[in-house]
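Heads up, the thing below is written out as structure tokens.
The values are calculated or read from the model by the stated rules, or taken from the named source; none is laboratory data. Computed from a prediction, not measured in an experiment: that's the story for all the values here. Neighbour counts run over all protein chains shown; Cβ positions are idealised from the backbone, glycine included.
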Amino acid sequence: MAQVFILKAPSAPIFGQSIIFFVALLAFANPSNAQSGFDNEVNIALDRILPESLISSGEHRVTGAHRVGDNSLVFDIESQAAGPQSAESIALTMLRIHEARTLAQASNQFAQDNRQQAEEGRGQLRVEGDSIAGILTSPFSTGATVVDQFGNNVKQTFEEFGEFPGPVDKRATSAAPAPGDPVFVSYRRSIANQLKLDVYSSNPAVQNFLNTLARARVTGSARAGVTTVSLGRSPEVQVESGRLRERVRLAVLNEEESALFNKAETALREAGIDADLSARLIKHEVLTPTHKSALTEYVTFLNNVNGRGALVKAALGVANEVQALAKVRIARMYAYYHQSWTPLRSLISAGHLALAINKDSALLVALPFDLLVWTPQTQRVFDGLAQFAERKGITSKSLLLSGVITQKAREGLEARGFDTFERFLFAR
């Protein structure tokens, strides 16, 4: 039986703290507002949001989810490698699950090879094997209250609609490898490469494990980190059969930052991206080298698509890792659509997000939201998009969504002529 999570009012509103009081006042003045056609309490089955392979494995389980903001979910994860942790958004949850499963398998192999240093590594990884049992079935409670705050044009509405709440956990480690012994740094990169981990990960468990194994190699344990990790097939679709993602991974691991950024700047220039936009992307303090390289690869992949700078421009306003992953996800959705559906003709900057027009003159809206609920804000946004499409003579409109939508949202979108493609990046 599928787990059902009741998703109620988010703990922090996406449009500012003052909205809490305003919503309460509005509900008091008009108690029938909950019956006005908008979502109030949302019942969602976890296996509607995540594929089964992400919900549980031999090394992890997702135990629950709750709303933060209107469109983001926080997933609670238990794992052998990192113990209990929370991750905001589907994208960050997938990353944390990949890391947890990799660390669990690698740490077990390391324990067999070197008992003494393994104890140090295990302590840092907070191994809790006894906590891995079955999937919990208790419901989680959170709700949906919203208020109309949108402006009068597509750009303004998308600037507000595209805002994401801050991450649950602040970064606990530096994004870049710590300076020091070049041999030690080289070992960290080599181990990350062998385990297919991001050397710039914000996960303390990953950084601690890479440090532990690198120290082991420095002290003579040549096999530290040499292991086979088996995670099975990725639940997500791939661009260029996975070659694009592999190019990003290898470039980040094999090149120093200066060379990596020079390469990215050259690629963006050859793609016709404005030099100022390119420079701002390269110098961005929140985007890691991995994020920057991925965005560059997706922009380059969209060859002959006009306005590709819209993807770069949308990424410049990110303030945390969750937002950074969201921008990369938007670029990936458009790249996959371009590859596997109908080629894109142009991209249009729309505040914090980007719109697309394909070769058949259809409007595409890629949203990296975990959950799209029908609220006054959502209705206002898609009313504005429908009007924008009408002015441009566009009759076909599609929403590409990272997560899922409610029934009321589906009905509202259909009434405005939008086709909806949920869980767009998950393999069907």
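Condition check for THR93 on (1) of a type in the set (Ser, Thr, Tyr); (2) over 30 Å from GLN194 (Cα atoms); (3) at pLDDT 90 or above: one failure, at (2). Among the residues here, GLY232 does not qualify as at pLDDT 95 or above and part of a loop (DSSP other than H, G, I, E, B). Residues that are of a type in the set (A, V, I, L, M) and without any contact (Cβ under 8 Å) to a residue 60 or more places away in the chain were ranked within the stretch 401-420; the one that is farthest from ALA362 (Cα to Cα) is ILE405.
Scanning the stretch 382-416 for residues that are more than 23 Å from the chain's Cα centre (by Cα), among the charged types (D, E, K, R) and assigned to a helix (DSSP H, G or I) returns ASP383, GLU390, ARG391, LYS408, GLU411, GLU414.
When VAL229, VAL252 are screened for being closer than 30 Å to SER53 by Cα, out of contact with any strand residue (DSSP E or B) (no Cβ under 7 Å at 6 or more places or on another chain) and either among the small types (Gly, Ala, Ser) or buried (at least 19 other Cβ atoms within 10 Å of the Cβ) (or both), only VAL252 passes. For the stretch 374-428: of the residues being under 19 Å from SER346 (Cα atoms) and of a type in the set (Ser, Thr, Tyr), which is surrounded by the fewest Cβ atoms within 10 Å (Cβ to Cβ)? Looking at the filtered set, the residue picked out is THR395.
In the set (1) at pLDDT below 95; (2) under 29 Å from SER86 (Cα atoms); (3) of a type in the set (Ser, Thr, Tyr), the condition left unmet by SER258 is number (2). Where helices (runs of 4 or more DSSP H) sit wholly within the stretch 238-347, those with at least 1 residues that are in contact (Cβ under 8 Å) with a residue 40 or more places away in the chain occupy 243-254, 257-270, 289-301, 309-315, 321-340. Name every residue in the stretch 195-213 that is under 18 Å from GLU256 (Cα atoms) and either modelled with pLDDT under 90 or in contact with a Pro (Cβ under 7 Å, 6 or more places away or on another chain) (or both), in order of residue number. Once the filter is applied, which keeps residues that are under 18 Å from GLU256 (Cα atoms) and either modelled with pLDDT under 90 or in contact with a Pro (Cβ under 7 Å, 6 or more places away or on another chain) (or both), the stretch 195-213 yields VAL199, TYR200. For GLU52, indicate whether it is within 26 Å of LEU210 (Cα to Cα) and modelled with pLDDT of 90 or more. Taking the combined requirement at face value, the residue does not satisfy it.
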